[in-house]
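FYI, it's all coordinate maths here, none of it is from the lab. Computed from a predicted model, the values in this text were never measured in an experiment. Note that we place each Cβ from the backbone using ideal geometry, even for glycine, and neighbour counts take in every protein chain shown.
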Amino acid sequence: MGGAGLKWIVMAATVALMVGGGARAAVPGVIPAPAHLESRSGAFVIRTGTRLLVPQDPRAARAARYFADLLQQTRGIRLATDESPAGHTAHSVVFRLDARRTVSSKTPSSTDSNAEAYAIDISPDRIVVSASDPRGLLYAAVTLWQLCTSGATQGDSAVVPSMKIVDSPRFAWRGLMLDSARHYQSPEFILQLIDWMALHKLNVLHWHLTDDQAWRLEIKRYPRLTSVGAWRVPAGAAAAADIDPATGRPRLYGGFYSQETVRRIVAHASERNVTIVPEIDMPGHATAAIVAYPRLASVVPAPATVTSNWGVYSNLYNVDESTFEFLQNVLAEVVKLFPSTYVHVGGDEALKDQWKASPHIQARMRELGVPNEEALQSYFVGRMGKFLSAHRRRLIGWDEILEGGIASDATVMSWRGIDGALAAAAAGHDSVLSPSPTLYFDTRQSADTQPGRENVVTLQDVYKFNPMPAALPVGQQHHILGVQANVWTEHIRTEQRVEYMTFPRAAAVAEVGWSAPERLDWTGFLARLPDQMNRYRMLGIHAYEDQIAGEPHLKRSSHDLRSCTNEIVLSLEDDAPLSGERAAFLVDIMNPCWIYPAADLSHVTGIDASVGQLPFEFQLGADVHIPKLNPPQTPAGELEVRIDGCNGERIAVLPLQPAVANNAVTELPAAKIAHRDGTHDLCMKFTQRSHDPMWVLDWVRLVE
Ligand code: ACM
């Protein structure tokens, strides 16, 4: 820990020194890097009262006002807008829609990359911003705002060096996926996220609206999807004990987006050139819908509660005609709400156990002439594809839709690495690259103590992702539509944490998606990053900021220890307290066991520890082996400390009894350690009678 962080800061400082103050103007803090940038001498000074010529075309006028608003919000500079048809152009900022170059495009679509192109011409007397489409003008406004927030951002003027920028994107699809099912975010947050995406020239918000743990989209025809499916009791003893006085039962967690709210969000997204691609996941990740409407189930009895465990459930929709009708009715409302060309139907992680075990499904397969369950999923997805085609939309799904055969016009979102994209391209299909773990933003950005998936995916890892796989033949490269980062929220409970996990990694994925390969330069990106971080501060984004680790000390959090094994290591948040800060624990849920490496015991007389207890809330599937428990000596169990390996001598035992009644973390009384010389690896494990709750180490401290 800390090594990579220190490197990031030192590297940025070195680059700043190398380019120096004067040359900084040649490397303006624009992210993503523009395709062409030509520096000139002199500069245009923008200050309050500088004239802004607003175009007549109302769509183009929006871009000019957007620029003015951003400048005022972040720099306090108020421009004088001039809306007259032929305003004076002397010392002014001119936004111009160049009608001659307007690309004819009847249906706004994120795949029209010419429409996103723009030019900015800056001389000491004038700034002229031009594009052939309002979408390009919007991005010109973003770039110009970035030029006004590069370098020194103090004072009442922005000095914009003279230059010419001609810019357009490399890829049409520059996406971010937000999982609003596992945890719910407010409509206000979604609107804000869309604004922030636009400031990165990200143009697709893939909205994961349904899953096992919730259904979040109001469907008028099926109200139980949200009245039942949008609510659950969170996992854990703390939530179970949190009784709602109105019902006498545990308080429910949840929420949903009404159609009116969705229309408001979609309209706002359209103004920011963000296409919202809704995802209705099927045939798996469907528990919430099946609980709401049990006739959709593949098993009898149908699951009865929207549960709060993470992982992969075996619940699949059945394949009755009435179920297809149900899903088509849902999609009919979805396409009315979302103008996006693409509609995502999931298709991921559909374990086939229930279909295999059901005589009814097996009979239906024979009736349909479908040879196996993979082909049944293909038939299922194919029917949805036909329905969407009939509504002039296109189906996109996770790469599992390739299995068992894929409908001819389907698009693949490659998440299990990039193999899905390669297979799709070879078969003539388009794809979007969003591989785990590199573009999974629920991974942690460093080895800090935040909750998240254990893999550390740094800013540099994201930046170095190659969106054009080397194995892809040149003739198939056009099948790569672009890139997308996915913010899954099992371990991201709050909106602030969404921000923390997303930024600044979103800046890296934005540059990978937008900038030409010859513009991709990690050192150059680092040099521009301080300006971007400063913008995040001005905008109120709670971005991750790299930290320099302190000296190792005698107290180590679970994140500073080594996991004994690396089966399923997660950084899990405590389920308590219900409000306020919660601890997070790094733990291998298959084997909660930690190593304190090379502890110098020469002066150590004892050890104490803080422990938490977590609900064992994981759907691990039938194949996963849960390890044997270590039998306790006392009814409540103990934390055992062993020396020189996990089978070594037991040198301390800390009884868990003081922690039993406390759902949050508990500091256990210290245990004595007999004197030893030298350094030793310490192994820490719990003894207990059952897997639930799972005891976890918060921190351990050697006492001298
Ligand atoms: C996925 O991560 N199940 C697409």
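Find how much the distance from L252 to S123 grows on full extension, using 0.36 nm per residue of separation minus their present alpha carbon separation; answer in nm with one decimal.
Result: 40.5 nm gained on full extension.
Toward the positive end of the charge dipole of region 307-396, about the Cα centre and with charges on Cβ (Lys, Arg +1; Asp, Glu -1), which of V343, S314, V330 goes farthest?
The residue sitting most towards the positive pole is V343.
Starting from 0.36 nm per residue, how many nanometres of slack lie between H603 and A86 once their C-alpha separation is accounted for?
Here the answer is 177.9 nm.
Provide Rg over Rh for the chain; use the alpha carbon set for both Rg and the Kirkwood Rh (inverse mean inverse pair distance).
1.00
I need to check one value: relative contact order of the chain, counting alpha carbon pairs closer than 8 Å and at least 6 residues apart, in percent. Present the calculation step by step, with values, prior to reporting the outcome.
Details: 1584 pairs, mean separation 88.6, N = 704.
Dividing the mean separation by the residue count of the chain yields 13 percent.
For the ranges 230-238, 114-122, what's the packing order if you count other beta-carbon atoms within 10 Å of each residue, average per peptide, and put the highest first?
Top of the packing list down: 114-122, 230-238.
For E188 and R40, FRET efficiency with R0 = 60 Å and r from the beta-carbon atoms, rounded to 0.05?
0.90
Looking at P303, L654, V381, which one has the Cα that reaches farthest to the positive end of the dipole of the chain (charges on Cβ: Lys, Arg +1; Asp, Glu -1)?
Result: V381, furthest along the dipole toward the positive end.
In what sequence do E704, E374 fall when counting other Cβ within 10 Å, fewest first?
If I rank by nearby Cβ atoms, fewest first, I get E704, E374.
If the only charges are +1 at each Lys and Arg Cβ and -1 at each Asp and Glu Cβ, what is the size of the charge dipole of the chain around the Cα centre, to the nearest 20 debye?
My answer is approximately 1900 debye.
Under the rule that a partner needs its Cβ under 4.7 Å from the first Cβ, which Cys of the chain have none?
C148
Using 0.36 nm times the number of residues separating R537 and V159, minus their current alpha carbon distance, what extension gain do you get?
Details: separation 378, 0.36 × 378 = 136.08 nm, distance 2.03 nm.
Fully extending the segment from R537 to V159 adds 134.1 nm.
Using only the alpha-carbon atoms of region 341-385 as identical scatterers, what base-10 log of I(q)/I(0) does the Debye formula give at q = 0.15, 0.18, 0.27 Å⁻¹?
Cα-only, vacuum Debye calculation for region 341-385: -0.40, -0.56, -1.04.
Which residues among region 471-505 fall inside the zone where the amide N is under 13 Å from a point 7 Å beyond the Cα of I626, along Cα→Cβ?
The answer is none.
Mind sorting H285, H542, H183, H391 by how few other Cβ atoms lie within 10 Å of their own Cβ, fewest first?
Details: H285 26, H542 16, H183 22, H391 13.
By the 10 Å Cβ count, ascending, the order reads H391, H542, H183, H285.
For the chain, give the share of DSSP beta bridges that are antiparallel, in percent and rounded to the nearest 5; count only bridges with both residues there. Could the numbers behind the result be given before it?
Working: 69 of 117 bridges.
Taking every DSSP beta bridge within the chain, about 60 percent pair in antiparallel fashion.
How much of the calculated P(r) for region 448-568 lies past 17 Å, in percent of all Cα pairs?
67
Translational diffusion coefficient, Stokes-Einstein: compute it for region 174-289 using the Kirkwood radius over C-alpha pairs as Rh, at 4 °C and 1.567 mPa s, and state it as an integer in µm² s⁻¹.
The estimated diffusion coefficient comes to 86 µm²/s.
Give me W488, W514 sorted ascending by neighbouring Cβ count inside 10 Å, so fewest comes first.
Final ranking by Cβ density, sparse to dense: W488, W514.
Specify which residue in the list I626, W173, T458 is farthest towards the positive end of the charge dipole of the chain, using unit charges on the beta carbon of Lys, Arg (+1) and Asp, Glu (-1), about the Cα centre.
Among I626, W173, T458, the one farthest towards the positive end of the dipole of the chain is W173.
Add +1 for every Lys or Arg and -1 for every Asp or Glu among the other residues with Cβ under 10 Å from the Cβ of T443, and state the total. Could you put the intermediate results ahead of the total?
Working: positive: R444, R453, R505; negative: D442, E454, D461.
Residues close to T443 contribute a combined charge of 0.
Around Q688, with a cut-off of 13 angstrom between Cβ atoms, what is the net charge of the other residues, counting Lys and Arg +1 and Asp and Glu -1? Could the numbers behind the result be given before it?
Numbers: positive: K628, K685, R689; negative: E638, E640, D692.
Value of the local net charge: 0.
Applying 1/(1 + (r/R0)^6) with R0 = 60 Å to the Cβ-Cβ distance of Q619 and R650, what FRET efficiency is obtained, to the nearest 0.05?
Using R0 = 60 Å, I get an efficiency of 0.95.
Which value in deg cm²/dmol, rounded to the nearest 500, describes the helix-derived mean residue ellipticity at 222 nm for the chain, given -39,500 (n - 2.57) per DSSP H run of n ≥ 4 and division by the residue count?
Rounded to the nearest 500, the figure is -8500 deg cm²/dmol.
For G311, which sequence-distant residues (separation of 5 or more, or a different chain) have an amide H within less than 5 Å of its own amide H, given hydrogens modelled in the peptide plane?
Amide H to amide H, under 5 Å and 5 or more residues apart or across chains, G311 pairs with Q619.
How long is region 389-502 along each principal axis, judged by its Cα atoms, biggest number first, in Å?
Result for region 389-502: principal-axis Cα extents of 45, 34, 23 Å.
In debye to the nearest 20, how big a dipole does region 578-704 give about its Cα centre with +1 on each Lys and Arg Cβ and -1 on each Asp and Glu Cβ?
Its charge dipole is roughly 280 debye.
Over region 155-255, what is the percentage of antiparallel beta bridges among all DSSP beta bridges, to the nearest 5?
55
Given H placed 1.01 Å from N in the peptide plane, which residues other than close sequence neighbours of G645 have an amide H under 5 Å from its amide H?
Distant-sequence amide H within range of G645: D681, C683.
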